[in-house]
Amino acid sequence: MATLTVPSAVPPVADDCEQLRKAFQGWGTNEELIISILAHRDAAQRRAIRRAYADTYGEELLRSITDEISGDFERAVILWTLDPAERDAVLANEVARKWHPGSRVLVEIACTRGSAQLFAVRQAYHERFKRSLEEDVAAHVTGDFRKLLVPLISAYRYEGPEVNTRLAHSEAKILHEKIQHKAYGDDEIIKILTTRSKAQLLATFNHYNDEYGHPINKDLKADPKDEFLATLRAIIRCFCCPDRYFEKVIRLAIAGMGTDENSLTRIITTRAEVDLKLIKEAYQKRNSVPLERAVAGDTSGDYERMLLALLGQE
């Protein structure tokens, strides 16, 4: 359910490179031309453009972009142009180095990517930063957050449909008992959330709801100001309803007096090739306003045009 629109007849890679080079040269940058090319190419096509551009002009495409544009528009174009695993590695590095308890970026990456995708993120992190994501998270995150996030981003979950019903029942009971005793950082809670397959977790959460009469996240709202509880809820929402999780991130990013451009850019660039259409539908249902209109009302200029292109607006 991607929103990315790619032309039915895509020009040769060499033509795209030539047009991008023209966009960067001369007295002024042709931002519209940059958007018309890069915002309408999929990951494999963007990868081919980066490779051919470097071979042809002896300069990394990302360097040319950085030299010619700036601000929120630059960040959106750079993040979008990166390979998905490399993009996630960059985002993970930013948040690991400047980590704070309110950050959910590592949770998003760990819980909404497949096992092979998350493994590719860790490989891209090695290549780009010459160390592991796990060691950076362990170095900068503390306490129960470190205890939770290190195994979360290290996971390689089984992705099959099989479910152990007896295990779902027993682990729902364990989760309930630990939550009732406010043992939120208990090893058992962390083991369940960081090792079980998505299908197994959904069965466990469904049994929790059936057995105790309400969703598990309701019991994790005992203290609305507790960021660790908020992180546990985010993990569960990312597995149960990622479209609604991302809708809320976008809604909060554009609500109020100022716009959280980093969050808005992150969600649109990471989900445009995945499920942004579902997120748009969730946004429309929740707010009775098309997401494109909300984004247009809170952004401007080339940044606005880039985001709207990725949202699929013609």
Requiring at least 1 residues that are farther than 26 Å from Arg146 by Cα and of a type in the set (Lys, Arg), the helices (runs of 4 or more DSSP H) wholly within region 217-314 are 242-254, 261-271, 276-287, 291-298, 301-310
Which ones in region 101-151 are of a type in the set (Phe, Trp, Tyr) and touching an Asp or Glu at 6+ places or on another chain (Cβ under 9 Å)?
Tyr125, Phe129, Phe145
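Yes/no per residue for (1) out of contact with any Leu (no Cβ under 7 Å at 6 or more places or on another chain); (2) under 21 Å from Glu31 (Cβ atoms); (3) among the basic types (Lys, Arg):
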site	(1), (2), (3)
Arg63	yes, yes, yes
Ile69	yes, yes, no
Val77	no, yes, no
Leu82	yes, yes, no
Val90	no, no, no
Arg104	yes, no, yes
Arg122	no, no, yes
Arg128	yes, no, yes
Residues of region 275-297 being in contact with a Leu (Cβ under 8 Å, 6 or more places away or on another chain), touching a residue at least 12 places away in the same chain (Cβ under 8 Å) and open to solvent by 20 Å² or more (accessible area, probe 1.4 Å), which ones?
Lys280, Glu292, Ala296
Yes or no: Glu59 surrounded by fewer than 18 Cβ atoms within 10 Å (Cβ to Cβ) and either more than 24 Å from Glu304 (Cα to Cα) or in contact (Cβ under 8 Å) with a residue 12 or more places away in the chain (or both)?
yes
Considering only region 84-105, I want to know if a residue exists there that is among the small types (Gly, Ala, Ser) and open to solvent by 40 Å² or more (accessible area, probe 1.4 Å).
no
Would you confirm, using the coordinates I've provided, whether Lys221 is in the same structural domain as Ile267 (by the TED database), open to solvent by 50 Å² or more (accessible area, probe 1.4 Å) and on the phi < 0 side of the Ramachandran plot?
no
Kindly provide the set of residues from region 16-37 that are small (Gly, Ala, Ser) and in a loop (DSSP other than H, G, I, E, B), ordered by number.
Gly26, Gly28
Glu171 fails exactly one of the following numbered conditions: (1) open to solvent by 30 Å² or more (accessible area, probe 1.4 Å); (2) over 30 Å from Ala43 (Cα atoms); (3) of a type in the set (D, E, K, R). What is the number of that condition?
(1)
Test Leu149 against the criterion of being in contact with a helix residue (DSSP H, G or I) (Cβ under 6 Å, 6 or more places away or on another chain), in contact (Cβ under 8 Å) with a residue 40 or more places away in the chain and under 23 Å from Arg271 (Cβ atoms), and give yes or no.
yes
Checking Ile267 against (1) of a type in the set (A, V, I, L, M, F, W, C); (2) surrounded by fewer than 18 Cβ atoms within 10 Å (Cβ to Cβ); (3) free of Cβ contacts under 8 Å to residues at least 24 places away in the same chain, only one condition comes out false. Which one?
(2)
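The values are calculated or read from the model by the stated rules, or taken from the named source; none is laboratory data. All figures in this text were calculated on a predicted structure; none of them were measured in a lab. FYI the Cβ positions are ideal-geometry reconstructions off the backbone, even for glycines, and counts take in every protein chain you see. Only protein heavy atoms, including side chains, enter the accessible area calculation; ligands, DNA and RNA are left aside. Shrake-Rupley method; radii C 1.70, N 1.55, O 1.52, S 1.80 Å.
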